[in-house]
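Before any comments, here is the structure.
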Amino acid sequence: MKFCSACGASVQLRIPPGDSLPRHVCADCGEIHYLNPKLVVGAIPVWEDRILLCRRAIEPRHGKWTLPAGFMENRETTAEAAARETLEEACARITVGPLFALVNIPEISQVHLFYRAELLDTDFAAGAESLDVALFSEADIPWDTLAFRSVTFALQRFLEDRRSGNYRTHTQDLSLPRSLVGDGT
């Protein structure tokens, strides 16, 4: 950040009084600008024993498979974000279930949340950000071409829980190789 969104003056990175972390502070009006992690929210949509995956039409990871997910918008709940992203990326309607996985990725200031979900029907299609959308049985999941490690983590835990019949909430902290920091992995 270089300029204040309140008055347009230059900002300086410093620790404001009463705080313990450096923040962007306006040199003129004193406005403190907080930059916080972004939430990426998605679903694990299931129809019978198959899981709905989307093949990405955008970067990062163009052409790779992923769960329907994306950045949460203002004024929506995380469950609403999961349903919206599934509708946008897969033209699919879901019933959102419980939170299933939370993945922290501090190097890129993101938190990924995945909800269990049931497809309401099999009327789905590739949305604007997807090249293809398909249902996969466990044996057919394209593990080698999954887009993100957070998706791999969520799918692996989901399948383990489904086999055991005991679903729980999973958390993971991912560290990124230096070469990947900044690409939205």
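With (1) β-branched (Val, Ile, Thr); (2) farther than 24 Å from Glu59 by Cα; (3) out of contact with any Ser or Thr (no Cβ under 7 Å at 6 or more places or on another chain) as the list, and Val111 as the residue in question, which single condition is left unmet?
Among (1) β-branched (Val, Ile, Thr); (2) farther than 24 Å from Glu59 by Cα; (3) out of contact with any Ser or Thr (no Cβ under 7 Å at 6 or more places or on another chain), Val111 violates only (2).
Inside segment 153-169, can you point out the residues that are exposed (fewer than 15 other Cβ atoms within 10 Å of the Cβ) and of a type in the set (A, V, I, L, M, F, W, C)?
Listed by number, the list holds a single entry, Leu159.
Go over the candidates Leu99, Leu113, Leu87, Leu53 one by one and state the one that is of a type in the set (A, V, I, L, M, F, W, C), surrounded by fewer than 18 Cβ atoms within 10 Å (Cβ to Cβ), in a strand (DSSP E or B) and in the same structural domain as Asp161 (by TED's automatic domain parsing). Reasoning before the result, please.
Values: Leu113 fails: surrounded by fewer than 18 Cβ atoms within 10 Å (Cβ to Cβ); Leu87 fails: in a strand (DSSP E or B); Leu53 fails: surrounded by fewer than 18 Cβ atoms within 10 Å (Cβ to Cβ).
Of Leu99, Leu113, Leu87, Leu53, the one residue that is of a type in the set (A, V, I, L, M, F, W, C), surrounded by fewer than 18 Cβ atoms within 10 Å (Cβ to Cβ), in a strand (DSSP E or B) and in the same structural domain as Asp161 (by TED's automatic domain parsing) is Leu99.
Being loosely packed, with under 14 Cβ neighbours inside 10 Å, closer than 19 Å to Arg55 by Cβ, at pLDDT 95 or above and out of contact with any Phe, Trp or Tyr (no Cβ under 9 Å at 6 or more places or on another chain): is that true of Asp123 here?
Numbers: loosely packed, with under 14 Cβ neighbours inside 10 Å: yes; closer than 19 Å to Arg55 by Cβ: yes; at pLDDT 95 or above: yes; out of contact with any Phe, Trp or Tyr (no Cβ under 9 Å at 6 or more places or on another chain): yes.
Criteria met by Asp123.
I'd like to verify a number: residues in segment 144-164 that are of a type in the set (Phe, Trp, Tyr) and part of a loop (DSSP other than H, G, I, E, B), how many? Give the derivation first.
Narrowing segment 144-164 to residues of a type in the set (Phe, Trp, Tyr): 148, 153, 158.
From what's left, part of a loop (DSSP other than H, G, I, E, B): 148.
Total satisfying the criteria: 1.
So for segment 12-23 (the condition being touching a Pro at 6+ places or on another chain (Cβ under 7 Å), surrounded by 15 or more Cβ atoms within 10 Å (Cβ to Cβ) and assigned by TED's automatic domain parsing to the domain that holds Ile94), does at least one residue qualify?
We begin by selecting, within segment 12-23, every residue touching a Pro at 6+ places or on another chain (Cβ under 7 Å); these are 13-15, 23.
Pick out the ones that are also surrounded by 15 or more Cβ atoms within 10 Å (Cβ to Cβ) and you get 23.
After this cut, where a residue has to be assigned by TED's automatic domain parsing to the domain that holds Ile94 as well, the list is none.
So far as segment 12-23 goes, no, none of its residues is touching a Pro at 6+ places or on another chain (Cβ under 7 Å), surrounded by 15 or more Cβ atoms within 10 Å (Cβ to Cβ) and assigned by TED's automatic domain parsing to the domain that holds Ile94.
Which one of these is under 18 Å from Thr152 (Cβ atoms), at pLDDT 95 or above and not polar (S, T, N, Q): Leu67, Leu39, Leu87, Leu13?
On the way: Leu39 fails: under 18 Å from Thr152 (Cβ atoms); Leu87 fails: under 18 Å from Thr152 (Cβ atoms); Leu13 fails: under 18 Å from Thr152 (Cβ atoms).
On inspection, the qualifying residue turns out to be Leu67.
Test Ala92 against the criterion of being in contact with a strand residue (DSSP E or B) (Cβ under 8 Å, 6 or more places away or on another chain), assigned by TED's automatic domain parsing to the domain that holds Gly127, part of a loop (DSSP other than H, G, I, E, B) and in contact (Cβ under 8 Å) with a residue 12 or more places away in the chain, and give yes or no.
Details: in contact with a strand residue (DSSP E or B) (Cβ under 8 Å, 6 or more places away or on another chain): yes; assigned by TED's automatic domain parsing to the domain that holds Gly127: yes; part of a loop (DSSP other than H, G, I, E, B): yes; in contact (Cβ under 8 Å) with a residue 12 or more places away in the chain: yes.
Judged against the criteria, Ala92 is a match.
How do the pairs read when you match residues in segment 131-160 that are assigned by TED's automatic domain parsing to the domain that holds Asp49 with residues anywhere that are among the β-branched types (Val, Ile, Thr) and in a helix (DSSP H, G or I), using Cβ under 8 Å and keeping only pairs 6 or more apart or on different chains?
Trp143/Thr152; Leu146/Thr152
The values are calculated or read from the model by the stated rules, or taken from the named source; none is laboratory data. Since the model is a prediction, treat every value here as computed from it, not as a measurement. Cβ coordinates were reconstructed from backbone atoms using ideal geometry, including for glycine residues, and neighbour counts include every protein chain displayed.
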